[in-house]
Structure formats: structure tokens, C-alpha cells
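Here, each number is a calculation from the coordinates, and none is a lab measurement. Remember, predicted model here, so these are calculated numbers, not experimental data. Here Cβ is always computed from backbone atoms with ideal geometry, including for glycine, and neighbour counts include all displayed protein chains.
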Amino acid sequence: MNAIPLSHEAQELLFLEARSANTFTDAPVTDGQLHAIWDLMKWAPTSGNINPLRILFLRSPEARERMVQYMSEGNQGKTRSAPMAALLAADRDFHEFVPQLFPDRADQADWYATYEGRGEMATFNATLQAAYFIIAVRAVGLAAGPMSGFDYRAMDAEFFPDGRHSSVLAVNLGSPGPDAWFPRLPRLDFAQAVTVL
């Protein structure tokens, strides 16, 4: 039996050959591709199916420039050159959607409303969804350039001034440009990272 039923081509697309892109062509990212990304990544598992991730797509150069000003210096050029950038954020008031997302436990919305750890729960689960977002970008044939190098507080003040959402990751996306990939860096071996009891 094959340990990995996924085709080798799919393994390469999603994992083996996939890397963070650093340059992009000017080929546009279509609305159809954005919908396709959502239709794949929305199935990410979250605690109690809370689904707290919210995505702000920044297509226009003006919108991306609002983001660029808060990126670390090494990430600014990448974001300017990408045809699309996404700011992924955690919705701290995710509990409003619990009756829709988990109808059998709709009353959980009231519990979450007063739960002191709601913000941390939102961030953890949105970060899990963000990983699925990256894989979904790859699955629709685009390259992803995820970045955590930015001023989170300033970014939130710029795009989420009401305080309901908090940034978890910025991602450039598009078709890879020239010299888009840095050389593949090493990873830990199974024995270094895994214990089986």
C-alpha cells in the first residue's frame, strides 16, 4: 500500500517543491482564483468549528502601499511587486457566527461571549486556518509568500481600527516571477522531531 495516496505531482505542487515566493509577475490574480482559494481553505479544522479567520485582499497598488509602510524592509519590495496581497486576521468576536457554524451547540455563543481566553482562541485557530490558506493558494496554481515581518499593532490600527480583528499573517500571492525561490533550506529528520510512544 502506498503510504501517500496523493499523486507525486500533487505532492510536489503542495509540499515537496513549494516554497515561499519572493518575486511575482504582473499576471493578475482573478476573483475566480480568490473564490477557489476560499472554497478549499474553509475546510480547515478549528476548535468547535469557530472559523475565526478573516481575509482582507489588497489588489490595488494603493491598498498594498498602505500595507507596505508597516512591513519590515526586506518584505516591502515583495509586497509592492505582488499582484495581490492578503492580510489574514483573527476575528475576536467569532462567537457571533457560532449558531450558523455549529447549530447543535448554538448556545455556545453565549459562553464564548464571556470567555476570557476568546482572543487567544481566535488567534490560535486563525493561525491554523492561515496554514490551510497557503496550501490552498498553491493548490490553485499560484505562489504564496507568507510573511510575519511587519508591525502588527500599526497594521491593525490601519486596517482594523475597531479592535475586533487582529493580524496573524501577511501573504503575497500571484504567479512566481524571475528568481522567485531561494534555495531549499534543510528540515529536521523524523528522528529529531518525532517521538512515538
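Need pairs with beta-carbon distance below 7 Å; first residue in a strand (DSSP E or B) and within the range 73-93, second aliphatic (A, V, I, L, M) and surrounded by fewer than 19 Cβ atoms within 10 Å (Cβ to Cβ); sequence gap 6+ or separate chains.
Pairs that qualify, where the first residue is in a strand (DSSP E or B) and the partner is aliphatic (A, V, I, L, M) and surrounded by fewer than 19 Cβ atoms within 10 Å (Cβ to Cβ), are Ala86/Ile55; Ala86/Leu56; Leu87/Leu56; Leu88/Ile55; Ala89/Leu56.
Kindly indicate the residue of the range 100-116 that is in contact with a helix residue (DSSP H, G or I) (Cβ under 6 Å, 6 or more places away or on another chain) and surrounded by 13 or more Cβ atoms within 10 Å (Cβ to Cβ) and also nearest to Met84 (Cα to Cα) among those meeting that condition.
Residue satisfying both the conditions and the ranking: Leu101.
Which one of these is at positive phi and either touching a helix residue (DSSP H, G or I) at 6+ places or on another chain (Cβ under 9 Å) or surrounded by 14 or more Cβ atoms within 10 Å (Cβ to Cβ) (or both): Gly145, Gly119, Gly149, Gly141?
So the residue among Gly145, Gly119, Gly149, Gly141 that is at positive phi and either touching a helix residue (DSSP H, G or I) at 6+ places or on another chain (Cβ under 9 Å) or surrounded by 14 or more Cβ atoms within 10 Å (Cβ to Cβ) (or both) is Gly141.
How many residues, within the range 143-197, are part of a loop (DSSP other than H, G, I, E, B), hydrophobic (A, V, I, L, M, F, W, C) and under 30 Å from Asp91 (Cβ atoms)?
So the count comes out to 1.
So which residues in the range 1-36 are closer than 26 Å to Pro183 by Cβ, among the polar types (S, T, N, Q) and not in a loop (DSSP other than H, G, I, E, B), if there are any at all?
Within the range 1-36, just Gln11 meets the criteria.
If you take the residues of the range 64-80 that are closer than 18 Å to Gly177 by Cα and over 19 Å from the mean Cα position of the chain (by Cα), which of them is surrounded by the fewest Cβ atoms within 10 Å (Cβ to Cβ)?
Across the range 64-80, the extreme among qualifying residues is Gly74.
Here are Asp91, Asp26: which of them is closer than 26 Å to Val140 by Cα, among the acidic types (Asp, Glu) and surrounded by fewer than 17 Cβ atoms within 10 Å (Cβ to Cβ)?
Asp26
Suppose the filter is in contact with a Lys or Arg (Cβ under 8 Å, 6 or more places away or on another chain), surrounded by 10 or more Cβ atoms within 10 Å (Cβ to Cβ), on the phi < 0 side of the Ramachandran plot and of a type in the set (Lys, Arg); does Arg164 pass it?
yes
For residues that are touching a residue at least 60 places away in the same chain (Cβ under 8 Å) and not small (Gly, Ala, Ser), tally how many sit in the range 1-25.
Summing the residues that are touching a residue at least 60 places away in the same chain (Cβ under 8 Å) and not small (Gly, Ala, Ser) in the range 1-25 gives 7.
Please work out which residue is surrounded by the most Cβ atoms within 10 Å (Cβ to Cβ), limiting yourself to the range 40-63 and to residues that are in a helix (DSSP H, G or I) and touching a residue at least 60 places away in the same chain (Cβ under 8 Å).
In this case the residue turns out to be Met41.
Say we look at the range 122-138 and pick out the residues that are aliphatic (A, V, I, L, M) and surrounded by 20 or more Cβ atoms within 10 Å (Cβ to Cβ); which of these is farthest from Arg19 (Cα to Cα)?
Ala122
If Asp31 satisfies all but one of (1) in contact (Cβ under 8 Å) with a residue 24 or more places away in the chain; (2) surrounded by fewer than 12 Cβ atoms within 10 Å (Cβ to Cβ), what's the number of the condition it fails?
With (1) in contact (Cβ under 8 Å) with a residue 24 or more places away in the chain; (2) surrounded by fewer than 12 Cβ atoms within 10 Å (Cβ to Cβ) applied to Asp31, the lone miss is (1).
Can you find even one residue in the range 188-195 that is surrounded by 15 or more Cβ atoms within 10 Å (Cβ to Cβ) and of a type outside the set (D, E, K, R)?
Within the range 188-195 (the criterion being surrounded by 15 or more Cβ atoms within 10 Å (Cβ to Cβ) and of a type outside the set (D, E, K, R)), the answer is no, since none of the residues qualifies.
As an exercise: evaluate Phe97 against (1) assigned to a helix (DSSP H, G or I); (2) without any contact (Cβ under 8 Å) to a residue 12 or more places away in the chain; (3) of a type outside the set (S, T, N, Q) and give the number of the one condition it does not meet.
(2)
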